[in-house]
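The values are calculated or read from the model by the stated rules, or taken from the named source; none is laboratory data. Everything numeric in this text was worked out from a predicted model, so none of it was measured. All Cβ positions, even for glycine, are placed from backbone atoms using ideal geometry, and neighbour counts span all protein chains on display. Accessible surface is based on the protein model in full, side chains and every heavy atom, while ligands, DNA and RNA are left aside. Shrake-Rupley method; radii C 1.70, N 1.55, O 1.52, S 1.80 Å.
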Amino acid sequence: MTTAVLDRQNPSPLLADRILKAAGVLWFSVALAGQAAFVLYIGLFYGRSAMAGDYGRWNDVLVGGWRAGDMIGNLTLALHLLLAAVVTLGGPLQLIPAIRRRWPAFHRWNGRSYMVTAILASLGGLYLTWTRDGAGELAMQIGISLNGILILVCAAMAWRLALQKRFDAHRRWAMRAFLLVSGVWFFRVGLMAWVLANQGPVGIGEDFDGPFVRFLAFGCYLIPLAVLEIYFRAQRAGTAGKLITAGMVGGVTLVMGLGIVGAMMGMWLPRVT
Ligand code: HEM
């Protein structure tokens, strides 16, 4: 069905706007719940074992992990995990319009701290990736490194545009930065959605290699970025474009919800209970 035909069938652009917005809000609400679960996991697993002085427990999960004698690597890892929790908590707060409107000073300060935290977490992640053995093969290292570099670029752009008071463009770059920072979370959620949908680790090798892992190493942030660009365009598109995009965002939310449940049941809950 062409856009023109759909536009004639549904002459209410206002309704289409509302449906598109509702799809975005639904996506964000589900993502918020899933990211809250991730922060809880980071705090309860890594934070609790650190407070008990049992850093070795981290190695139940990590491949590089806590290593005797590697002071710089261990400090970088501990800082990375702490910043990971802070950044995952602070990001969604920036995107809630009511908070932006009611507490603009909080939005400015949380925004600065978010950007600095995201940059430091990415630099630490890059250091860990290229100085230690990690999960998966070279494609994973390259994929996550590109993710880290893109975080640096988008955070810098969002910051610069805020200083120039170009708030529309600032908001778009801040949302790109948010999705990129969520890349590691999307990776886990995407992995579990795939495993659940296929009833097994199809395309995932024993050493955490294989075609699906290679695909997800890049797809975990490039797909969300592509969906966001489509969403931005749909905001200026006709009724049909808005409705199709709302349907797509609804579908993505469903897959994401499945992945969140999978990650909670398969990865996070068993490690904290
Ligand atoms: C900025 C958002 C990021 C968050 C929220 C985040 C979160 C995490 C978490 C929670 C872990 C522990 C693994 C787990 O329990 O699932 C971890 C480990 C790690 N992350 Fe990140 N990360 C981020 C960015 C990055 C980036 C950009 C890189 C690389 C360029 C990176 C590289 C690593 C490495 C190498 C480890 C340690 C793996 C090991 O020791 O086996 N992270 N990260």
Taking the range 68-85 and keeping only residues that are open to solvent by 70 Å² or more (accessible area, probe 1.4 Å) and in a helix (DSSP H, G or I), one is left with 71, 72, 75, 79, 82
Mind checking which helices (runs of 4 or more DSSP H) fall wholly inside the range 189-273 and carry at least 3 residues that are touching a Phe, Trp or Tyr at 6+ places or on another chain (Cβ under 9 Å) and open to solvent by less than 30 Å² (accessible area, probe 1.4 Å)? 211-235, 239-263
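The rows are residues; the columns are (1) more than 9 Å from the ligand (Cβ to nearest atom); (2) assigned to a helix (DSSP H, G or I).
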{"site": "32", "(1), (2)": "yes, yes"}
{"site": "44", "(1), (2)": "yes, yes"}
{"site": "66", "(1), (2)": "no, no"}
{"site": "92", "(1), (2)": "yes, yes"}
{"site": "105", "(1), (2)": "yes, yes"}
{"site": "110", "(1), (2)": "yes, yes"}
{"site": "130", "(1), (2)": "no, yes"}
{"site": "133", "(1), (2)": "no, no"}
For the range 178-188, which residues satisfy the criterion of being in a helix (DSSP H, G or I) and within 10 Å of the ligand (Cβ to nearest atom)? 180, 181, 183, 184, 185, 187, 188
Selection count where residues are among the hydrophobic types (A, V, I, L, M, F, W, C), open to solvent by 70 Å² or more (accessible area, probe 1.4 Å) and under 21 Å from the mean Cα position of the chain (by Cα), scope the range 110-137: 2
Consider only pairs whose beta carbons are under 9 Å apart and that are at least six residues apart or on different chains; among these, list those whose first residue lies in the range 174-194 and is within 20 Å of residue 108 (Cα to Cα) and whose second residue is charged (D, E, K, R) and open to solvent by 10 Å² or more (accessible area, probe 1.4 Å). 176/229
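Hey, can you tell me all the residues within the range 168-188 that are closer than 22 Å to residue 215 by Cβ and open to solvent by less than 30 Å² (accessible area, probe 1.4 Å)? Don't jump to the end; show me each part of the working.
Taking the range 168-188 and keeping what is closer than 22 Å to residue 215 by Cβ, we get 176, 179-188.
Listed by number, the residues that qualify are 179, 180, 181, 182, 183, 185, 186, 187.
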